[in-house]
Amino acid sequence: MAALKYAGMDDTDSEDELPPGWEERSTKDGWVYYANHEEMKTQWDHPKTGKKRRCAGELPYGWEQETDDKGQLFYVDHINKRKTYFDPRQAFTVEDVLVKPKRYDGNTAALEILQGRDLSDRVVVITGGNSGIGLETAKSFALHGAHVILACRNLSKASKAVSVIQQEWHKAKVEAMMLDLASLRSVREFADSFKAKKLPLHILVCNAAVSTQPWRLTEDGLESTFQICHLGHFLLVRSLQDVLRHSAPARVVVVSSESHRFTDLLDQTGKVDLAVLSPTQKEYWSMLAYNRAKLCNILFSNELHRRLSPYGVTSNAVHPGNMMYTAIHRSWWLMTLLFTLARPFTKSMVRMKI
Ligand SMILES: NC(=O)c1ccc[n+]([C@@H]2O[C@H](COP(=O)([O-])OP(=O)(O)OC[C@H]3O[C@@H](n4cnc5c(N)ncnc54)[C@H](OP(=O)(O)O)[C@@H]3O)[C@@H](O)[C@H]2O)c1
């Protein structure tokens, strides 16, 4: 095969030789597919053997994948200064034994779920994307081509997070924008600045949170855990819902927690009392405030889904896992101790714990 020679590799697999009119190609992440130029169709199965194959390794050293004006992938060999539409990884393909659809569970990492997805036309906003789960989520989206905006309260931390992601892939489209959920003014300003960019919004991840911090009122006069975890996100989604609807299919993901189970919104007589959401300092217990805010996350997500799904905008609340070692414990030494002790047994940010 001339293309193989061009890529500096010899064709040794004659058993897999394609019938005339067929061409072997590969997707961005290395899955092999077959194009029939006569019938103008593509398929995953080899036309002769019926087997699915995938590239076994990375691009050779010095090679890079690019996309041309028509969206077709090509490969640049920087060392020998040449270009080819043949994927050099195709010289080393292996049979795909995982023909069944993949099953995901609580131990599946974001990168595994996104494997094979091309998100290059997607715009994602992640609140608190500079740390922990938010950063890992941002990285996973960006490495799959999405334009990711880290909506963060500290721009210097956010810029570091942008660099971390771009160190993994220099073409990652990531930027940081200012958003302090403890200020309703800041939320509105973020929404206005985002709209000024005239971008669509396909995925909004309401991830930012604080936990077990001392009682503090925000500039809006509300208890800060409640405002940061829930109310700020509520206003953010409200302010951006027109963009979400115009970008449909779109989705909101609200990062909640299983700890929402350990509370309710009732007063002592058993009636719903919204005043418990922003208690006075005397009535404040930080863990309870967090749990209540996380309960609000779920109630909000469910209602949002009910209202917006007819317009193609879905909403889901997720529990990311128990006691994952992020910065969430930083406000209280006891939490830090518990998170440290639990660390060997809990999920890490990127992969399943053994
Ligand atoms: N880790 C767990 O075990 C666990 C379990 C269940 C649920 N969750 C949920 O997972 C989500 C992510 O938490 P994480 O564990 O990744 O914690 P994390 O590392 O502490 O990340 C929290 C993020 O929220 C940001 N944030 C805090 N206050 C903010 C504000 N006023 N405005 C904007 N951003 C603000 C933080 O920014 P700074 O870096 O500037 O502080 C940080 O980027 C949270 O919703 C949390 O409730 C975590």
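Number of Lys pairs in the range 28-71 with C-alpha atoms less than 19 angstrom apart, excluding same-chain neighbours closer than eight positions? Count of close lysine pairs: 6.
Under 14 Å from the Cα of K347, which aspartates and glutamates turn up, not counting those fewer than eight places away in the same chain? Reachable aspartates and glutamates: D105, E136.
Take 315-327, 122-134, 46-58, 233-245 and order them by the average number of nearby Cβ atoms within 10 Å per residue, most first; the result is 122-134, 233-245, 315-327, 46-58.
The P(r) of the range 99-138 has a tail past 11 Å containing 72 percent of all C-alpha pairs. Taking a cut-off of 16 Å between Cα atoms, list the aspartates and glutamates near K171, but don't count ones fewer than 8 places away on the same chain. Within the straight-line cut-off, K171 pairs with D29, E64, E66, D68, D118, D121. The GNM of the chain, with springs linking C-alpha atoms under 10 angstrom apart, assigns the highest mean-square fluctuation among E219, E175, E17 to E17. Under a Cβ-Cβ cut-off of 10 Å, what is the net charge of the residues other than W215 that fall near it, where Lys and Arg count +1 and Asp and Glu count -1? Around W215, the charge tally is 0. Beta bridges assigned by DSSP with both partners in the chain are antiparallel in approximately 50 percent of cases. Between T42, H144, L59, the Cα set farthest toward the positive side of the dipole of the chain (charges on each charged residue's Cβ, about the Cα centre) is that of H144. The sum of -39500 (n - 2.57) across all DSSP H runs of n ≥ 4, divided by the residue count of the chain, sets its helix-only mean residue ellipticity at 222 nm to -8500 deg cm²/dmol.
Quick one: grab the alpha carbon gyration tensor of the range 43-170, order the square roots of its eigenvalues as a ≥ b ≥ c, and give me rounded if a/c is under 1.5, else prolate or oblate depending on whether a/b is larger than b/c. In terms of gyration-tensor shape, oblate.
Each Lys and Arg adds +1 at its Cβ and each Asp and Glu adds -1 at its Cβ; summed about the Cα centre, the chain shows a dipole of about 1040 debye.
The residues packed around L73, meaning those with a beta-carbon under 9 Å from its beta-carbon, carry a net charge of -1 if Lys and Arg are +1 and Asp and Glu are -1. The Stokes-Einstein estimate for the range 156-244, based on a Kirkwood radius over Cα pairs and taken at 25 °C with 0.890 mPa s viscosity, is a diffusion coefficient of 170 µm²/s.
Overall form of the range 2-95: prolate. Here a/c, set by the Cα gyration tensor axes a ≥ b ≥ c, is 1.5 or more, and a/b is the larger of a/b and b/c. Sites listed here are trypsin sites (Lys or Arg not before Pro) in the range 252-329 whose DSSP assignment is loop and whose Cβ has at most 16 other Cβ atoms within 10 Å: K271, K282. The mean accessible area for residues of the chain, using a 1.4 Å probe and ignoring ligands and nucleic acids, is 56 Å² per residue. Computed on the Cα atoms alone, the convex hull of the chain gives a volume of 177 cubic angstrom per residue.
The values are calculated or read from the model by the stated rules, or taken from the named source; none is laboratory data. The structure displayed is predicted, hence computed values, not measured ones. All Cβ positions, even for glycine, are placed from backbone atoms using ideal geometry, and neighbour counts span all protein chains on display. Accessible surface is based on the protein model in full, side chains and every heavy atom, while ligands, DNA and RNA are left aside. Shrake-Rupley method; radii C 1.70, N 1.55, O 1.52, S 1.80 Å.
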